[in-house]
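Notes for the one structure printed next.
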Amino acid sequence: MPDQPMSSKISYILSIESSCDDTSCAVLKNDQVLSNVIAGQKVHQQYGGVVPELASRAHQSNIVPVAHAALTQANIDKKQLTAIAFTRGPGLMGSLLVGSSFAKSLSLALDIPLIEVHHMQAHILAHFIDHGQDKPDFPFLALTISGGHTQIVKVTDYHEMEVIGSTMDDAVGEAFDKTGKMLGLDYPAGPMIDSLSRKGNPHAFQFPIPKAPHLDYSFSGFKTSVLYFIQKRVKEDPDFIKNNIEDICASVQYTIIEILFKKLEKAVKKTGIKSVAIGGGVSANSGIRERLLSQVEHGWKVFIPDFQYTTDNAAMIGISGYYKYLAQDFTDLNISATARIPM
Ligand code: KG4
Ligand code: ZN
């Protein structure tokens, strides 16, 4: 009897994400998520940012229980697994090494294929996790916005992606987090700025839109202008932050959204592609979601990920692994994690 084609077989993929400060494991049955367990790391909060050494140590203690929980919740025995997918990069080297070593050991012990996944591609492919929603057709544009990246990506196939614009300095998530630090908010400050913004006036204060060439972004000048603005106002009135926190957050968030969408609109015009998806931790932002939805009036088809698949999670690694599994695109056991890795 001839072999069944890959697409008609059922696959169970265990996926592992450990690129930054979340240890996550998921089990996918084809393109459906059976479990997606995430262990965050509170230890970084007191430092106002991720401490790489502490992150890798926490991954070391979390990875086995998180993988175990993912299998238990999925009601799958490890002997039923068909492949192991893991984040090879980009990310923090010490963190990536924990996930990749664990993935390699499992693949070797269970004698099943190993599949490497690019973290930023995974943020985009999260849109293909099947939960009954509309999925983008190729080609489409993806705005990937996270704590480490800000990119406009032209996506022509599951693993054919071209970065057509990216940040020249800070990522947009850093702009949120560093503004939060100036305002005395806990790390990561993005979600708090988002919720405070909803009660503030976005036009209360004006910040300049940075000039960056082509489809690229720049956030470092913006960050400095927010810092100087806050320092000047606090000198005049020590209670300035306390009395204006909602308006400051709303104005900062409004400007960040303007910066993001000016280039995104330019990318749509330039490529003629009106199908646009967002992804990455910052795509959880309510203002960004509303702004993207408003583009439907201008003929855009827009794709907004489910909240659980925006910030770092292993389900997105699993769906990327699934499409590589269908293409029989497997990875050698002598592979190593890579902190910087092009799309
Ligand atoms: O994708 P992610 O979980 O990790 C990285 O790969 O970086 O993104 C984390 C980033 C942080 O900068 C966090 O502040 C930001 O996503 N973030 C938000 C929101 N939720 C998370 N930023 C703005 N608004 C939000 N609601
Ligand atoms: Zn991420």
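For the pair Tyr228 and Lys199, label points projected 7 Å from Cα toward Cβ lie 3.1 nm apart.
With contacts taken as Cα pairs under 8 Å and at least 6 residues apart, the chain reaches a relative contact order of 25 percent. Using the Cβ-Cβ distance between Ile241 and His159 with R0 set to 56 Å, the FRET efficiency from 1/(1 + (r/R0)^6) comes to roughly 0.80.
What is segment 248-314 by shape, rounded, prolate or oblate, if you read a ≥ b ≥ c off the alpha carbon gyration tensor as root eigenvalues and call it rounded for a/c under 1.5, prolate for a/b larger than b/c, and oblate otherwise? Oblate.
Who wins for biggest fluctuation among Pro210, Pro191, Pro238 in a Gaussian network model of the chain, springs between alpha carbons below 10 Å? Largest GNM mean-square fluctuation: Pro238.
Determine the calculated [θ] at 222 nm for the chain from helices alone, applying -39500 (n - 2.57) to every DSSP H run no shorter than 4 residues and normalising by the residue count; nearest 500 deg cm²/dmol. Don't jump to the answer; show the numbers that get you there.
Numbers: 9 runs with 137 residues, N = 343.
My calculation for the chain gives -13000 deg cm²/dmol from helical runs alone.
Pull up the DSSP beta bridges for the chain and report the antiparallel fraction as a percent, rounded to 5. Beta bridges within the chain, antiparallel portion: roughly 60 percent. Per-residue extension of 0.36 nm, minus the Cα-Cα distance of Lys269 and Ser61, leaves a gain of 70.1 nm for this segment.
When +1 charges are put on Lys and Arg Cβ atoms and -1 charges on Asp and Glu Cβ atoms, the dipole computed for segment 140-305 relative to its Cα centre reaches about 360 debye. The share of C-alpha pairs in the chain whose separation exceeds 38 Å stands at 18 percent. Highest mobility in the GNM of the chain, judged by mean-square fluctuation with C-alpha springs under 10 Å and restricted to Gly99, Gly148, Gly299, is found for Gly299. Anisotropy class assigned to segment 140-237 is prolate, per the alpha carbon gyration tensor with a/c at or over the 1.5 cut-off and a/b larger than b/c.
Long hydrophobic helices in the chain, taken as whole DSSP H segments with a C-alpha length of 15 Å or more on their own axis and mean Kyte-Doolittle hydropathy at least 1.0: 93-110. Summary value for segment 140-305: 28 percent relative contact order, contacts being C-alpha pairs under 8 angstrom separated by 6+ residues.
Between their Cα atoms, which of Lys29/Lys154; Lys301/Lys324; Lys199/Lys223; Lys9/Lys104; Lys42/Lys154; Lys181/Lys269 are more than 32 Å away from each other?
Lys42/Lys154; Lys181/Lys269
Here the chain is treated with +1 on each Lys and Arg Cβ and -1 on each Asp and Glu Cβ, and its dipole about the Cα centre works out to around 460 debye. Top mean-square fluctuation among Ile319, Ile230, Ile38, Gaussian network model of the chain, C-alpha springs under 10 Å? Checking each option, the largest mean-square fluctuation is seen for Ile230.
Overall form of segment 140-305: prolate. Here a/c, set by the Cα gyration tensor axes a ≥ b ≥ c, is 1.5 or more, and a/b is the larger of a/b and b/c.
Each Lys and Arg Cβ is given +1 and each Asp and Glu Cβ -1; about its Cα centre, segment 234-307 then shows a dipole of about 660 debye. In plain terms, the residue of Arg289, Arg233 with the fewest other Cβ atoms within 10 Å comes first and the most crowded comes last, giving Arg233, Arg289.
Each reported figure results from applying straightforward, stated rules to the coordinates on display, with no laboratory input. This is a predicted model, so every value here is computed, not measured. FYI the Cβ positions are ideal-geometry reconstructions off the backbone, even for glycines, and counts take in every protein chain you see.
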